[in-house]
Amino acid sequence: MLIRTGRDGFQHPLASEITPPAVYESRRRLMRLWAAGAAGAALAGWAQREALGQQAPRPGKLAPLPAATSQIPGAVTMEKVTDYQDATSYNNFYEFGTDKSDPAAQAHRLVTRPWSVEVDGLVRKPARFGIEDLLALAPQEERVYRLRCVEGWSMVIPWVGYSLSRLIDRVEPLGSAKYVEFVTQADPKTMPGLRSSVLEWPYVEGLRLDEARHPLTLLAFGMYGEVLPNQNGAPLRLVVPWKYGFKSGKSLVRIRFTETEPRTAWHKAAPAEYGFYSNVNPAVDHPRWSQATERRIGEGGLFAKRRKTLMFNGYEAQVGQLYAGMDLRKQF
Ligand SMILES: Nc1nc2c(c(=O)[nH]1)N[C@H]1C(S)=C(S)[C@@H](COP(=O)(O)O)O[C@H]1N2
Ligand SMILES: [Mo]
């Protein structure tokens, strides 16, 4: 059993003493499966997460989006999941305003049905995919990723979706395709933020093709076991866990394969501050502030200690080889 010893040496009660019997029973089944080697490493991870009382309950606010726990290495962090309330009220979605509270207040205007995504450019089979077809294109998985904003805060979010590579394989990129551009919704009727020229609209992001094909690059349709709330990028968004949050475009409408590096919205707005790669890198400061530490949302209070930011946001083992031989100070 997992027993944690607090800072003061206090022994926390065994999980069996604080868990309702039904939950405990299902956990024991899971543990037996695990011991028998029938469950994968990720499932064992969930057993551990649950034993620590850290599994995020479904909030019951939006339609459920069932998903199996991802088996992809690195896809499920054991860290404490951020409260749903925090993850849905402290957001960056400049199309709805630049204050952290604007998206939660304004994004109800976003119309998410009907919705389709144009997938084109240097591919053998360009197509427009309806959202229902995209939802059904591959099995939905739950992945618990860290998300770190370049502003110096971070969250841990259980996303629901599947690897973007599943969609990429469908359209068959040509040999000349080297990059992928992501274009997000820009509708002046529903997005009051478009009146501001803080960014050039539509919001555009980009990845190298091999980054886009990495199994951890997630096309997300949901979080916390439910469909995405509008403020988090409904009906579908990108989540690239080893890069700063701004690389993960919300409310995608077009995915385009190109030969040349896409010109991204943040790069156009401030080229000296936002490079194309934007990998989480504590050793490369933002020109106006350090990136060495971060504040985990929910670890509140004036005296909450900042955490040390990890190289590639903690995903170095999985993605480090993508950047072998590159000078990440120059290609930031
Ligand atoms: N379309 C669009 N996508 C966007 C943004 C945005 O302003 N517009 N902000 C980005 C930034 S800076 C961050 S940190 C994340 C925040 O995602 P979250 O609100 O779900 O935590 O979304 C990213 N995706
Ligand atoms: Mo961000």
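The values are calculated or read from the model by the stated rules, or taken from the named source; none is laboratory data. This one's a predicted model, so the numbers in the text were calculated from it and none came from an experiment. Methodologically, a virtual Cβ is constructed for each residue, glycine included, from the backbone with ideal geometry; neighbour enumeration extends over all protein chains shown. For the accessible areas, the whole protein counts, side chains as well, though only heavy atoms, and no ligand, DNA or RNA atoms are used. Shrake-Rupley method; radii C 1.70, N 1.55, O 1.52, S 1.80 Å.
Applying the selection to segment 269-288, what residues are over 18 Å from the mean Cα position of the chain (by Cα) and either in a strand (DSSP E or B) or more than 20 Å from Lys330 (Cβ to Cβ) (or both)?
Matches in segment 269-288: Ala269, His286.
Mind listing just one residue for me: the one in segment 209-248 that is within 16 Å of ligand 2 (Cβ to nearest atom) and part of a loop (DSSP other than H, G, I, E, B) and, of those, farthest from Arg295 (Cα to Cα)?
Going through the qualifying residues, I end up with Gly233.
Here are the criteria: (1) in a loop (DSSP other than H, G, I, E, B); (2) in contact (Cβ under 8 Å) with a residue 60 or more places away in the chain. Tell me which single one Trp266 does not satisfy.
(1)
Please go through segment 305-326 and pick out each residue that is open to solvent by 40 Å² or more (accessible area, probe 1.4 Å) and not in a strand (DSSP E or B).
Narrowing segment 305-326 to residues open to solvent by 40 Å² or more (accessible area, probe 1.4 Å): 305-308, 310-311, 316-318, 321, 324-326.
Selection gives Lys305, Arg306, Leu310, Met311, Glu316, Ala317, Gln318, Gln321, Ala324, Gly325, Met326.
Would a scan of segment 93-100 turn up a residue that is within 16 Å of ligand 2 (Cβ to nearest atom), polar (S, T, N, Q) and part of a loop (DSSP other than H, G, I, E, B)?
Just the residues of segment 93-100 that are within 16 Å of ligand 2 (Cβ to nearest atom), to begin with: 93-100.
Checking the rest, the ones that are also polar (S, T, N, Q) come to 98.
Among the residues that remain, those that are also part of a loop (DSSP other than H, G, I, E, B) are: 98.
Yes: one or more hits.
When you go through Arg263, Arg256, Arg329 one by one, which is the residue that is surrounded by fewer than 13 Cβ atoms within 10 Å (Cβ to Cβ) and over 24 Å from Asp86 (Cα atoms)? Explain how you work it out, then say what you get.
On the way: Arg263 fails: surrounded by fewer than 13 Cβ atoms within 10 Å (Cβ to Cβ); Arg256 fails: surrounded by fewer than 13 Cβ atoms within 10 Å (Cβ to Cβ).
Result: Arg329 is the single residue among Arg263, Arg256, Arg329 that is surrounded by fewer than 13 Cβ atoms within 10 Å (Cβ to Cβ) and over 24 Å from Asp86 (Cα atoms).
Quick check: is even one residue across segment 68-85 within 16 Å of ligand 2 (Cβ to nearest atom) and either open to solvent by 50 Å² or more (accessible area, probe 1.4 Å) or of a type in the set (Val, Ile, Thr) (or both)? Spell out how you get there, then give the answer.
Within segment 68-85, the subset within 16 Å of ligand 2 (Cβ to nearest atom) is 82.
From what is left, the residues that are either open to solvent by 50 Å² or more (accessible area, probe 1.4 Å) or of a type in the set (Val, Ile, Thr) (or both) are 82.
Checked segment 68-85: at least one residue is within 16 Å of ligand 2 (Cβ to nearest atom) and either open to solvent by 50 Å² or more (accessible area, probe 1.4 Å) or of a type in the set (Val, Ile, Thr) (or both).
Could you please tell me which pairs satisfy a Cβ distance under 7 Å, a separation of 6+ or placement on different chains, a first residue in segment 72-92 that is within 16 Å of ligand 1 (Cβ to nearest atom), and a second residue that is among the aromatic types (Phe, Trp, Tyr)?
Thr77/Tyr145; Tyr84/Tyr224
Within segment 225-237, can one find any residue that is open to solvent by less than 10 Å² (accessible area, probe 1.4 Å), within 28 Å of Met311 (Cα to Cα), of a type outside the set (S, T, N, Q) and in contact with a helix residue (DSSP H, G or I) (Cβ under 7 Å, 6 or more places away or on another chain)?
yes
Restricting to segment 159-202, and then to whatever is among the aromatic types (Phe, Trp, Tyr) and within 27 Å of Tyr224 (Cα to Cα), can you tell me which residue is farthest from ligand 1 (Cβ to nearest atom)?
Taking segment 159-202 as the starting set, the residues that turn out to be among the aromatic types (Phe, Trp, Tyr) are 159, 162, 179, 182, 201.
Next cut, within 27 Å of Tyr224 (Cα to Cα) only: 159, 162, 182.
Working: Trp159: 9, Tyr162: 18, Phe182: 9 Å.
Filtering first and then ranking leaves Tyr162.
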